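Worksheet for the structure shown next.
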Amino acid sequence: MQQLAGKVAVVTGGASGIGLALARAFLAEGMRVVVADIEDAALERAAKELDAGDALACVRTDVSDYESVVALADATYARFGACHVLCNNAGVGAPSANVWETTINDWKWVHGVNVMGVVHGILAFVPRMIEAGDEGFVVNTSSGDGGIAPLPQASVYASSKAAVTCLTECLAAQLESEGTKLRAGIFYPSGGLLRTGLWTADRNRPPELAREKPRPTPAMTVEQLEEMAKQAGRELHFQDLDELAQIVVQGVKAGRFVMMIGLESIGTQMRDRAGALERGARPEAHRLTS
């Protein structure tokens, strides 16, 4: 998809953080963009910030609810008549904990958004995209944490992102083998720490999926992490989100399957993991920075 101008992009989790950066990047390419998000206030702020007039639509969407995502697809096709780039980007994270100290609702909530949100996006949009017969691309946001190698304390989140990576590989292979004009790729946010809503994802946790017992540690905010680093005499590196969005834009244009900063860094780690598994040993934990 070398030409994006005039095409239509849909971004879930698009009202803040990486999603907002993606929307901004697609608009800069001359695309029409649908920003989907579960937060009404964030959608209002995004609409004002992006200020894209008729090229922008904002739709409240709960990606964990299939009917809500179908409604998003309906709204997209009613407004713009097409979808060419689908970014299944919405994501949440549960508290870090030993697996046996997680709760059923941790798994239901995180996998409901991170995994089923991607599934819902594919089911609601991809058949229509195929039927249209146009070139298109599905970008699924995963994470190096799980998609490449897990951080052991993040078992709920890491396993959800491992599932997204596997799902995307299957989707990409099927889209090609079935002779469609669609392609699919994985986006690994990378390059450093990220200022995104994932740090405070609990704000959108449904009451019916509240944690059944107190979390073992209080939620850490970006500001608290920065203050801790400052007290320790360290300076944290935060990755520019607009630069990350450009990685996706260029990846879509080039038809890349993996989109990330520092792609060359994963080869050694994956080979080490394969070697450990071949020996019947436990692979080393995730070594990337995000």
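The values are calculated or read from the model by the stated rules, or taken from the named source; none is laboratory data. This structure is a prediction, so every number in the text was calculated from the model and none was measured. Neighbour counts run over all protein chains shown; Cβ positions are idealised from the backbone, glycine included.
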In region 231-290, the residues that are loosely packed, with under 11 Cβ neighbours inside 10 Å, under 24 Å from residue 170 (Cα atoms) and within 24 Å of the chain's Cα centre (by Cα): 264, 267
Subset of region 36-60 [without any contact (Cβ under 8 Å) to a residue 24 or more places away in the chain and either among the hydrophobic types (A, V, I, L, M, F, W, C) or part of a loop (DSSP other than H, G, I, E, B) (or both)]: 41, 47, 51
Only listed residue being in a loop (DSSP other than H, G, I, E, B) and touching an Asp or Glu at 6+ places or on another chain (Cβ under 6 Å), chosen from 21, 15: 15
Odd one out for residue 73 among (1) of a type in the set (A, V, I, L, M, F, W, C); (2) under 22 Å from residue 259 (Cβ atoms); (3) modelled with pLDDT of 95 or more: (2)
Residue ID - nearest to residue 30 (Cα to Cα), chosen from residues in region 72-87 that are part of a helix (DSSP H, G or I) and in contact (Cβ under 8 Å) with a residue 12 or more places away in the chain: 80
Residue in region 89-107 that is hydroxyl-bearing (Ser, Thr, Tyr), more than 20 Å from residue 255 (Cα to Cα), part of a helix (DSSP H, G or I) and out of contact with any Gly (no Cβ under 7 Å at 6 or more places or on another chain) present: no
Top-ranked residue of region 22-41 - restricted to ones that are closer than 14 Å to residue 62 by Cα and of a type in the set (Asp, Glu), ranked as surrounded by the fewest Cβ atoms within 10 Å (Cβ to Cβ): 40
Single residue of region 162-195 satisfying the filter (farther than 21 Å from residue 265 by Cβ and touching a residue at least 60 places away in the same chain (Cβ under 8 Å)) that is surrounded by the most Cβ atoms within 10 Å (Cβ to Cβ): 184
